[in-house]
1. Starting from the Cα of V377, step 7 Å along the direction of its Cβ; do the same at R398; then give the gap between the two resulting points in nm.
2. How much length would be gained if the chain were fully extended between Q226 and D279, taking 0.36 nm per residue of separation minus their Cα-Cα distance, in nm to one decimal?
3. Okay, helix-only estimate at 222 nm for the chain: each DSSP H run of n ≥ 4 adds -39500 (n - 2.57), divide by all residues, round to 500 deg cm²/dmol; what do you get?
4. At 1.4 Å probe size, what's the solvent-accessible area of V13? Round to the nearest 10 Å².
5. Under 4 °C and 1.567 mPa s, how fast does the chain diffuse according to Stokes-Einstein, given a Kirkwood radius computed over C-alpha pairs? Answer in µm²/s, whole number.
6. Let's see if you can work this out: charge +1 on each Lys and Arg Cβ, -1 on each Asp and Glu Cβ, no other charges. What is the dipole magnitude of the chain about its Cα centre, in debye to the nearest 20?
7. How much area per residue is accessible in the range 1-107 when the probe is 1.4 Å and only protein heavy atoms are counted (Å²)?
8. State, as an integer percentage, the relative contact order of the range 407-497 based on alpha-carbon contacts under 8 Å between residues 6 or more apart.
Amino acid sequence: MPSLHWTGKDAAVVAIRDVPYRPLVAVPSLSYGEPETENLLIQGDNLDALKGLLPVYAGRVKCVFIDPPYNTRSAFEHYDDNREHSIWLSMMYPRLELLRELLSEDGSIWVTIDDNEGHYLKVMMDEVFGRGNFVTGLCWEKVYTLKNTARLFSEQHDHILIYSKQFDKVTINHLPRSEKQNSAFKNPDNDHRGPWLDSAVHARNFYSKGSYSVTGPTGKEFSPPQGRYWTVSKENFEQMDRDRMIWWGRDGNNVPRKKAFLSEVKQSVVPGTIWGYQDSGENAQAKNEIKALVDGISEVFITVKPERLLRRILVIATNPGDLVLDSFLGSGTTAAVAHKMGRRWIGIEMGDHAETHCAARLRKVIDGEQGGISKEVNWQGGGGFRFCRLGEPVFDGRGSIRPGVGFADLARWVWYRETRQPLAEVPTTPLLGVHQGTAYYLLYNGILGDRRPAGGNVLTAPLLQVLAPHDGPRVVFGEACRLHESRLAALNLRFRQLPYQANA
Ligand SMILES: C[S@@+](CC[C@H](N)C(=O)[O-])C[C@H]1O[C@@H](n2cnc3c(N)ncnc32)[C@H](O)[C@@H]1O
């Protein structure tokens, strides 16, 4: 398959392996609202944070939305095109790989981008997600006015690339019919069936029973226009006319058309690929929304997205209760909208504005602020979020487990590394779980109740008796093993030594 190459790609492709596993550490003083919430606002570099999320959230995220830096030349004083371009591509590659791991089988990822990198991003995403998993590209009208000072063209749109984890499983909801779409239905003849919309009863396709003439209420005769055919037979036409399904115009003198009643049309519409500002918001609206919410907001958020854009995306890509992830959170738009729409969310932002702006904005959301989409979704407030930062890596530079690492963090990592599945609940015994018939056990940190440093971490014959039984292969992780190879083989048991450097 053709693929994209750039300086530094080889390192970018293996970058995930070298990212340390750093568990999340909650900061209660910056968290807000209901303490039992699953919503996470994480401050830190998203490469580390996404890797830290894997052991808990792999395969559980229904929708990823990201609005990464666009790599616009204006961001650099002396722009070295090739260098900045390669750095940007190397930045994106491992993050996209991690995001893919986090997506659920029926999930989708949506990425906003402009012409600086959009077409390179498409090729890169083909490689990471698979060309067959491309869903579509949207054109979002981010600015509706023309800038006459533009040298050649006044840029008005962003691209939004959508990929699925698995094309045949992705769920894409239709949009509810808008008031504007419904307003096209009228009722000029006071039909008791309610408002209707008329359309032609003739078409270009040949229809053997479609060449006849009909007589209107005023006695005027009508045949299909030159080269066209009625789409129904004469008998059906006459029946429709008796049923008041044919519209001859207000004075009964027009070419007949057929009625379709609003009450009978589907109440949802398939989403299109051109998203106008009227339905999806635009840049200026987004800036006003955030300015009204956060005091002293600066130009750092010139790329803030409108709440209506995120609402439309989440209506299509998620259902209430689903998990939404944005790893370039900016001012917190995705989290704010997901929260108001009853979705669970994880937001990652490395800047100090994670605390000063995102947290401040989300506190207001929980308190019931009425900006953005609040009125449209009847937002009343409630819920909460946990603010987290990244903890120390579980393994040090030599691959040893750092002092102070708890059973839960190591258990999650060992389980994920072995099974590529998240650990739903951290157990209180060494048995982490059974995956594809194999049971995995972790002897660490006095899980068996012995708090001495090595207590219970060594696999011995007596310890074997207290492990939960399993009828099938077993893998035990521990500090050392006192059992002979032949005994292990007879027990269908493999021993894996800790510490080890995870190389997932
Ligand atoms: C274009 S803005 C996102 C704006 C956002 N959609 C909104 O509506 O406010 C990109 C954000 O990504 C953040 N960012 C860039 N690189 C990052 C990284 N490696 N880890 C976490 N955040 C990062 C930047 O600090 C910036 O706030």
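1. Output for this residue pair reads 5.1 nm.
2. Taking Q226 through D279 to full extension adds about 15.1 nm, to one decimal.
3. Only helices count here, giving -8000 deg cm²/dmol.
4. For V13, solvent-accessible area is about 60 Å².
5. Here the translational diffusion coefficient equals 48 µm²/s.
6. On the way: 60 positive and 59 negative charges, 209 e Å.
That gives the chain a dipole magnitude of about 1000 debye.
7. It amounts to 45 Å² per residue over the range 1-107.
8. Relative contact order of the range 407-497: 22 percent.
The values are calculated or read from the model by the stated rules, or taken from the named source; none is laboratory data. Keep in mind that this is a model prediction, so the values were computed, not measured. Don't worry about glycine lacking a Cβ; one is built from the backbone with ideal geometry, like all the others, and counts go over all protein chains shown. Side chains included, ligands, DNA and RNA excluded: accessible areas come from the protein's heavy atoms. Shrake-Rupley method; radii C 1.70, N 1.55, O 1.52, S 1.80 Å.
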